[in-house]
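**Student:** Starting off with a structure, shown below.
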Amino acid sequence: MKRNIHLVAAIVATFCIATFFTSTIAVELFGSKEAITIVKTLVVNPGLYILIPAMALVGGTGFSLSKNRKGQLIGKKRKRMPFIAVNGLFVLTPCAIFLSLWASSGSFDTKFYIVQGVELMAGATNLILMGLNFRDGLQMTGKLRPNASN
């Protein structure tokens, strides 16, 4: 049961970040200022209210599932998770909140786009790290054959 919760929470969290990322890029390329404001607002509410509990569940269940495990793959996952969490809590979350506030007030200035650039880089970083953790988890459970380069 714990393994299923971990998997579902990981999928939800990854889907949230991927949705935030692709929505931001799409609306910037093809949307109006009003559309940007809507996307930035939705990222915060309900987005963060879905993402943060999902990430907490992934971390908690992952820690619990791995407490008696050893090995290279679990070591890699353990090293990535603190970075993913810090990046999410101290970079992505504040960026999302500030961008939502600024978009709502019509402040699409240099500061907005610098913070959005930081948000996109941090989001891409977390997506990559979460993808690596997902791959390693599938290898640990035998659902994916190990790659010779790992």
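**Student:** If I filter the stretch 29-37 for residues that are assigned to a helix (DSSP H, G or I) and under 18 Å from Ile97 (Cβ atoms), do I get at least one hit? Don't jump to the end; show me each part of the working.
**Tutor:** As a first pass, look at the stretch 29-37 and keep what is assigned to a helix (DSSP H, G or I): 29-30, 33-37.
Restricting the remaining residues to those that are under 18 Å from Ile97 (Cβ atoms) gives 36-37.
Checked the stretch 29-37: at least one residue is assigned to a helix (DSSP H, G or I) and under 18 Å from Ile97 (Cβ atoms).
**Student:** Filter the stretch 52-85 down to residues that are out of contact with any helix residue (DSSP H, G or I) (no Cβ under 6 Å at 6 or more places or on another chain) and open to solvent by 80 Å² or more (accessible area, probe 1.4 Å), then give me how many there are.
**Tutor:** Of the residues in that region, 9 qualify.
**Student:** Something else now. Please pick out the residue among Phe134, Phe90, Phe108 that is in contact with a helix residue (DSSP H, G or I) (Cβ under 8 Å, 6 or more places away or on another chain) and over 19 Å from Phe15 (Cβ atoms).
**Tutor:** Numbers: Phe134 fails: over 19 Å from Phe15 (Cβ atoms); Phe90 fails: in contact with a helix residue (DSSP H, G or I) (Cβ under 8 Å, 6 or more places away or on another chain).
Within the list Phe134, Phe90, Phe108, the selection yields Phe108.
**Student:** Within the stretch 12-49, how many residues are open to solvent by 60 Å² or more (accessible area, probe 1.4 Å) and of a type in the set (A, V, I, L, M, F, W, C)? Explain how you work it out, then say what you get.
**Tutor:** Taking the stretch 12-49 first, the residues open to solvent by 60 Å² or more (accessible area, probe 1.4 Å) are 15, 22, 25, 29-30, 33-34, 38, 42, 45-46, 49.
Still in the running and of a type in the set (A, V, I, L, M, F, W, C): 15, 25, 29-30, 38, 42.
Residues flagged as open to solvent by 60 Å² or more (accessible area, probe 1.4 Å) and of a type in the set (A, V, I, L, M, F, W, C) within the stretch 12-49 amount to 6.
**Student:** Anything in the stretch 107-150 that is assigned to a loop (DSSP other than H, G, I, E, B), open to solvent by less than 50 Å² (accessible area, probe 1.4 Å) and touching a residue at least 12 places away in the same chain (Cβ under 8 Å)? List them, or say none.
**Tutor:** Taking the stretch 107-150 and keeping what is assigned to a loop (DSSP other than H, G, I, E, B), we get 107-109, 141-150.
Among the residues that remain, those that are also open to solvent by less than 50 Å² (accessible area, probe 1.4 Å) are: 107-108.
Of everything in the stretch 107-150, just one residue is assigned to a loop (DSSP other than H, G, I, E, B), open to solvent by less than 50 Å² (accessible area, probe 1.4 Å) and touching a residue at least 12 places away in the same chain (Cβ under 8 Å), namely Phe108.
**Student:** Go through the residues of the stretch 70-92 one by one and say whether even a single one is outside any helix (DSSP H, G or I) and out of contact with any Leu (no Cβ under 6 Å at 6 or more places or on another chain).
**Tutor:** Residues of the stretch 70-92 that are outside any helix (DSSP H, G or I), as a first pass: 70-71.
From what is left, the residues that are out of contact with any Leu (no Cβ under 6 Å at 6 or more places or on another chain) are 70-71.
Looking through the stretch 70-92, at least one residue is outside any helix (DSSP H, G or I) and out of contact with any Leu (no Cβ under 6 Å at 6 or more places or on another chain).
The values are calculated or read from the model by the stated rules, or taken from the named source; none is laboratory data. If you're wondering where the values come from, they're calculated on a predicted model, not measured in any experiment. Because the Cβ atoms are built from the backbone with ideal geometry, glycine has one as well, and the counts that use them run over all protein chains shown. What goes into the accessible areas is simple: the full protein's heavy atoms, side chains included, and nothing from ligands, DNA or RNA. Shrake-Rupley method; radii C 1.70, N 1.55, O 1.52, S 1.80 Å.
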